[in-house]
Amino acid sequence: MTIIQNCNAVFFDLDGTLHLNIAVYVQRFLDACTTRGLQLPERALQRLMRYEHAYWVDRTRVERDRARFETSTAFWQHFAAMQMRTLGLGAAVAAHAAAIAGGVGNDGALPTNSVPDDVRPTLQALRNRGYKVALVSNRLEPLDAVVAELEMQQLFDFTLAAGEVDSWKPEAGIMHAALRRVQSAPHAAVYVGDNYYADVAGARSAGLLPVLIDRHDVFAAADCVRIVELRELLAMLPGV
């Protein structure tokens, strides 16, 4: 087991890390496919989550795709078609993509019951041990409303959205901005996230220690510290 010494700050990703909106969406998508009689490949959830992680971190591609379509509905139909092709279901796109996209929903809702049971106790325990605990996300807008919706207002020393500093993971700028907030050196901070391409790469680019939370075995061969439950951090971080 890795014991992390000489650390005074722990930063967390939001989507997919502290609540399971990504996994919830992917499972809805897979359920919509099976409801329409489509045969899914082995490890479909892992394949689709890995694809989504890679897609959303590529801001140039996402912005180009959004610009191609005049409506949100058209974009999400296009996204559903890409997901289907990732699963080897390209032949079914014309017949099913629009219906599947419409059935999944993409309203951005964050049900509080999608927060794993160990999240809030782990965050509180880390604060009790003297760590500065922060939420550092690739979202565009400030995170105050999201944190309130998830009932986590008292669990962070601060929150930081990428849009506030115009730097998106895996760029180092957002990490450097977070470090300045706590006056911490990179080697004294940990970043915890579920997306290898954004979170692990972003932490490394800024000199932080990355910890990958991989609840769904998406990155089984990851070359970094890897956990499957957030509570595992408590065995790694004994206190400041």
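Here are some conditions: (1) under 23 Å from Asn21 (Cα atoms); (2) assigned to a helix (DSSP H, G or I); (3) touching a strand residue (DSSP E or B) at 6+ places or on another chain (Cβ under 8 Å). Ala178 meets all but one. Which one does it not meet?
Of everything listed in (1) under 23 Å from Asn21 (Cα atoms); (2) assigned to a helix (DSSP H, G or I); (3) touching a strand residue (DSSP E or B) at 6+ places or on another chain (Cβ under 8 Å), Ala178 misses just condition (1).
Restricting the first residue to segment 141-154 and requiring it to be farther than 22 Å from Val165 by Cα, which pairs with a second residue that is assigned to a loop (DSSP other than H, G, I, E, B) meet a Cβ separation below 7 Å and a spacing of at least six or different chains?
From segment 141-154, the pairs are Glu149/Leu110; Leu150/Leu110; Leu150/Val115.
Residue check, Gly130 against (1) in contact with a helix residue (DSSP H, G or I) (Cβ under 7 Å, 6 or more places away or on another chain); (2) not polar (S, T, N, Q); (3) not in a helix (DSSP H, G or I), all met but one. Which one?
Going through the list (1) in contact with a helix residue (DSSP H, G or I) (Cβ under 7 Å, 6 or more places away or on another chain); (2) not polar (S, T, N, Q); (3) not in a helix (DSSP H, G or I), Gly130 breaks only (1).
One residue is enough: does segment 137-159 have a residue meeting the conditions in a strand (DSSP E or B), in contact with a Phe, Trp or Tyr (Cβ under 8 Å, 6 or more places away or on another chain) and at negative phi?
No, segment 137-159 contains no residue that is in a strand (DSSP E or B), in contact with a Phe, Trp or Tyr (Cβ under 8 Å, 6 or more places away or on another chain) and at negative phi.
Within the group Gly37, Gly16, Gly88, which residue is at positive phi and within 15 Å of the chain's Cα centre (by Cα)?
Gly16
Which condition from (1) of a type outside the set (A, V, I, L, M); (2) assigned to a helix (DSSP H, G or I); (3) at pLDDT 90 or above; (4) under 18 Å from Glu229 (Cβ atoms) is the one that Asp117 breaks?
(2)
A quick yes/no check of all residues on (1) surrounded by 14 or more Cβ atoms within 10 Å (Cβ to Cβ); (2) over 22 Å from Val119 (Cα atoms); (3) in the same structural domain as Asp199 (by TED's automatic domain parsing):
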residue: Val133; (1), (2), (3): yes, no, yes
residue: Ala172; (1), (2), (3): yes, yes, yes
residue: His176; (1), (2), (3): yes, yes, yes
residue: Ala185; (1), (2), (3): no, yes, yes
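The values are calculated or read from the model by the stated rules, or taken from the named source; none is laboratory data. The model shown is predicted, which means the values in this text are computed figures rather than measured ones. Here the Cβ is made from the backbone with ideal geometry for all residues, glycine too, and neighbour counts use every protein chain on show.
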